[in-house]
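Asks: Here it is, the structure in full.
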Amino acid sequence: MIDQVSTDLRGLLLELYELGGPVVLILVAVSVVTLAVVLYKLWQFRAAGVGRHKALRHAVDAWDAGDEARARSELARSKSYLKPVVELAMTGRCDTARLDAEAETRFAKLERGFRFLDSVAQLSPLMGLFGTVLGMISAFQALQDAGSQVDPSILAGGIWVALMTTAVGLAVAMPTSVVLSWFETRMEAERVLAEKALRSIQSPSNLSERAVPAAERSLAHA
């Protein structure tokens, strides 16, 4: 069974090599790695609860309204990766810089692999173009070796193989670019959510209402 799979794989690689040369093989390998990274990021986003912050939002809203008991109860139900940061903000023992650093640490873990996807999106078309140039050089060399007995099929076949690498490069780059843009958009939304949540906890809308009665009590005792 293993020998059969190995033989089939070897035959597939040879066929790809004949179609587009070594550049196509490299691009196929890059596409496999890219797919693995994308699937891992999707799993990571799901495991971290990216985009699923319903309980956390309710907790922040309750805190903003002055209901601290309900806020902590809602936060206890949250499975968001931002939960520890929000809990830290509710203690009031950390300043803004520390809270932002804690949030950015978690964002950095989720954004790991974005640079690889960006490199694939940018370099794949260039690799495809490089393969096309190599293929064109090879085609014209074959045309020169043919001398006066020029066969148009030789040139046409060489150009066809050369252009295959550009097509493969674009086929790898375009979906990678789309997926990367989607990931980056999700992370931008996460940053906006975290910024609003942390600032709402640090400066709740009813803070002035809490301070007024306290001031009035102090004046009454005086």
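The values are calculated or read from the model by the stated rules, or taken from the named source; none is laboratory data. Model, not experiment: these values are computed from the prediction. Cβ placement follows ideal geometry from the backbone for every residue including glycine, while neighbour counts extend to all protein chains displayed. These accessible areas exclude ligands, DNA and RNA; they are computed on the full protein's heavy atoms, side chains included. Shrake-Rupley method; radii C 1.70, N 1.55, O 1.52, S 1.80 Å.
Asks: Report the net charge of residues surrounding residue 44, where surrounding means a beta-carbon distance below 13 angstrom and charges are Lys +1, Arg +1, Asp -1, Glu -1.
Replies: That works out to +4.
Asks: Here is a follow-up. Treat segment 27-140 as a sphere of radius equal to its Kirkwood radius over Cα pairs and apply Stokes-Einstein at 10 °C in a medium of 1.306 mPa s; give the translational diffusion coefficient in µm²/s, rounded to a whole number.
Replies: 91
Asks: If you filter segment 29-77 for trypsin sites (Lys or Arg not before Pro), then keep DSSP loop positions with at most 14 other Cβ within 10 Å, what is left?
Replies: 52
Asks: On to the next question. Order 61, 118, most accessible first, counting only protein heavy atoms with a 1.4 angstrom probe.
Replies: Ranked from most to least accessible, the order is 61, 118.
Asks: Going by Cα centres, segment 87-146 and segment 157-190 are how many Å apart?
Replies: 12
Asks: Full-extension gain between residue 170 and residue 119, please, as 0.36 nm times their residue separation minus the C-alpha to C-alpha distance.
Replies: Between residue 170 and residue 119, full extension yields 17.0 nm more.
Asks: Tell me, what is the FRET efficiency for residue 126 and residue 36 to the nearest 0.05, using R0 = 25 angstrom and their Cβ-Cβ distance as r?
Replies: 0.70
Asks: Something else now. Place the peptides 31-37, 92-98, 80-86, 192-198 in order of packing, highest mean first, counting for every residue the other Cβ atoms within 10 Å and averaging per peptide.
Replies: Put in order of decreasing packing, that is 80-86, 192-198, 31-37, 92-98.
Asks: Looking at segment 93-123, which chymotrypsin sites (Phe, Trp or Tyr not before Pro) are in a loop (DSSP not H, G, I, E or B) and have at most 13 other Cβ atoms within 10 Å?
Replies: none
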